[in-house]
Amino acid sequence: MSLTVYSSKSMSSIFWNEFTETMPREQLDAIHLKRIQKMIRYAYDRVPFYRKLYQKAGLKPGDIRTLDDFNRLVPSIDKKDIVEAQQVEPPWGEAIALSEDFNLFRFQTSGSTGVPMGIPVSYYSSHHYGEQWTYGFWGVGIRPRDSFYFAFAWGTFIGFWSAYWGVRRLGATVYSGGGFTTEMRLKQILEYEPTVLVCTPTYALYMAEKAREMGIDLPATSIKYTYHAGEPGGNVPATRRAIEEAWGAKTYELYGIGEVGAIAPGCPRQLGVHLAEDQAYATVVNPETGAPVAPGEVGENLVTSHIQFSQPLIKYRSHDLVRPVYDKCSCGRTWLLFKDGVLGRTDHMIIIKGTNVYPTAIETLLGDVSGLTANYEIHVSSGQLNDEITAKVEAAPDVSASDYATLQRKAEGILYDKILVRIGVEIQKPGALPRYELKAKRFFDHREKH
Ligand SMILES: [Zn+2]
């Protein structure tokens, strides 16, 4: 009897681990400091890359006595630094802390910007990496009785592998959609009746278009939740709304960095993502100067993993722009909120007349214009004085082409009122822009110096 009472109480909790998720800031920071000190000592002793880096900076592990010391004194590192350290003696070279015997998995980044980075994951790391997802699943009401459909190819992209580890930790059922076409996946969803769909936001919308062609009524299917990662979208209102309406489901996202972790599961109130502070620390800085930004200001997330013991990543440049909010969230969590999720990439930042413009901000505002869809592209080119931005957006199917000019003026007016710079809008017919299966290409940079 007492077991039943205990079980129902824990199943109804909105926290996977209430103790850590509601911990006061001072205690969280005390834990961060301890773990950072331990990780720096560990990396200094075992990883030639860090020993050389810190020696060059005149830094010894004992010098880090406060989080402020860490934020100010420890040099940040970038993906290319780790790739170079690996290349000294591939595959791991001078970046690895554990012998290969301890690595349970080996993944790699996509390599779209050069040599791919190898990602070794030990059994211990995979357990915690997966648990970051479990925090997210549990917080929105997903329970062991739920079942997951993975619309994912099970390639070398770690993101959804780690989601799978998270589902194992939760104890729910997994249906693999690996190696199937979109049509076959939709048929499997009808047959197996999973309750959670895991994929990129782009792919959820792509599946919805295919379902319409096949005459499948998605809101009538068993899917109650769609959970996303791999690209922003789950926290961009227009995209989230499009997915929720198409699937008749609640849509959430997790912000992960393949080589670091599934670091920030979605806020159950859909206000953004919460950094899993028992497993990662964030130093948010101005990407130009490297100086920490004030709470609430947009900056680049430099992340330190407390759980990557195979290939430690300390003050690692994510190039992701976030807005850190340290106040307790209305969902009850004290964990750092990146409000509205990832706002853009540092290399996608557009500065016009001293104003920073983020692609996701444009996307969010376009979503407020009725008659427009979530299918859009942003093009940036060099103008005479400033960068010039044009947004191409598809109109909804029920909008008549004769109304496109009015729609364009309305959208341009809203963008100007909110961002205070002129952004051209080109209305496109439904289906005019390309469709993507995994991640959408939405940002096109035609600027000369880049
Ligand atoms: Zn929250």
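The values are calculated or read from the model by the stated rules, or taken from the named source; none is laboratory data. Because the structure is a prediction, the values reported are computed rather than measured. For neighbour counting, all protein chains shown are included, and Cβ atoms are generated from backbone atoms with ideal geometry for every residue, glycine included.
The table below lists the values:
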item	result
The listed residue being closer than 30 Å to Gln308 by Cα, away from the ligand (no atom under 16 Å from the Cβ) and either charged (D, E, K, R) or touching a Phe, Trp or Tyr at 6+ places or on another chain (Cβ under 9 Å) (or both), out of Ala262, Ala238, Ala249	Ala262
Failed criterion for Glu297 (all others in (1) farther than 24 Å from Lys441 by Cβ; (2) within 16 Å of the ligand (Cβ to nearest atom); (3) surrounded by fewer than 24 Cβ atoms within 10 Å (Cβ to Cβ) hold)	(2)
Filtered residues of segment 211-221 (kept if part of a helix (DSSP H, G or I) and either hydroxyl-bearing (Ser, Thr, Tyr) or surrounded by fewer than 17 Cβ atoms within 10 Å (Cβ to Cβ) (or both))	Arg212, Glu213, Met214, Pro219, Ala220
Checking Arg323 against (1) within 16 Å of the ligand (Cβ to nearest atom); (2) modelled with pLDDT under 95, the condition it does not meet	(2)
Subset of segment 326-344 that is in a strand (DSSP E or B) and buried (at least 23 other Cβ atoms within 10 Å of the Cβ) - its residue that is nearest to the ligand (Cβ to nearest atom)	Leu337
Qualifying strands (runs of 3 or more DSSP E) (wholly inside segment 371-450; at least 1 residues being small (Gly, Ala, Ser) and under 26 Å from Glu231 (Cβ atoms))	372-382, 387-395, 423-428
Residue check for Ala238: of a type in the set (A, V, I, L, M) and closer than 21 Å to Met349 by Cα	yes
Selection within segment 84-106 - of a type in the set (Val, Ile, Thr) and more than 20 Å from Ile307 (Cα to Cα)	Val88
Some residue of segment 146-156 being assigned to a helix (DSSP H, G or I) and buried (at least 21 other Cβ atoms within 10 Å of the Cβ)	no
Exclusive hit being of a type in the set (Val, Ile, Thr), outside the structural domain of Pro232 (by TED's automatic domain parsing), farther than 22 Å from Val236 by Cβ and modelled with pLDDT of 90 or more, set Thr406, Thr390	Thr406
Selection from segment 112-134 of residues that are polar (S, T, N, Q) and touching a helix residue (DSSP H, G or I) at 6+ places or on another chain (Cβ under 6 Å)	Ser122, Ser126, Thr134
Test for Glu288: is it more than 16 Å from the ligand (Cβ to nearest atom), at pLDDT below 95 and either within 16 Å of the chain's Cα centre (by Cα) or in a loop (DSSP other than H, G, I, E, B) (or both)	yes
Conditions (1) surrounded by fewer than 20 Cβ atoms within 10 Å (Cβ to Cβ); (2) out of contact with any helix residue (DSSP H, G or I) (no Cβ under 7 Å at 6 or more places or on another chain): number failed by His319	(2)
Flag if Ala432 is touching a residue at least 24 places away in the same chain (Cβ under 8 Å), surrounded by 15 or more Cβ atoms within 10 Å (Cβ to Cβ) and outside the structural domain of Gly233 (by TED's automatic domain parsing)	no
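One line per residue, one yes/no per condition, for (1) outside any loop (DSSP other than H, G, I, E, B); (2) charged (D, E, K, R); (3) more than 23 Å from Leu372 (Cβ to Cβ):
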residue	(1), (2), (3)
Ala238	yes, no, no
Ile243	yes, no, no
Glu253	yes, yes, no
Gly256	yes, no, yes
Ala262	yes, no, yes
Arg269	no, yes, yes
Val273	yes, no, yes
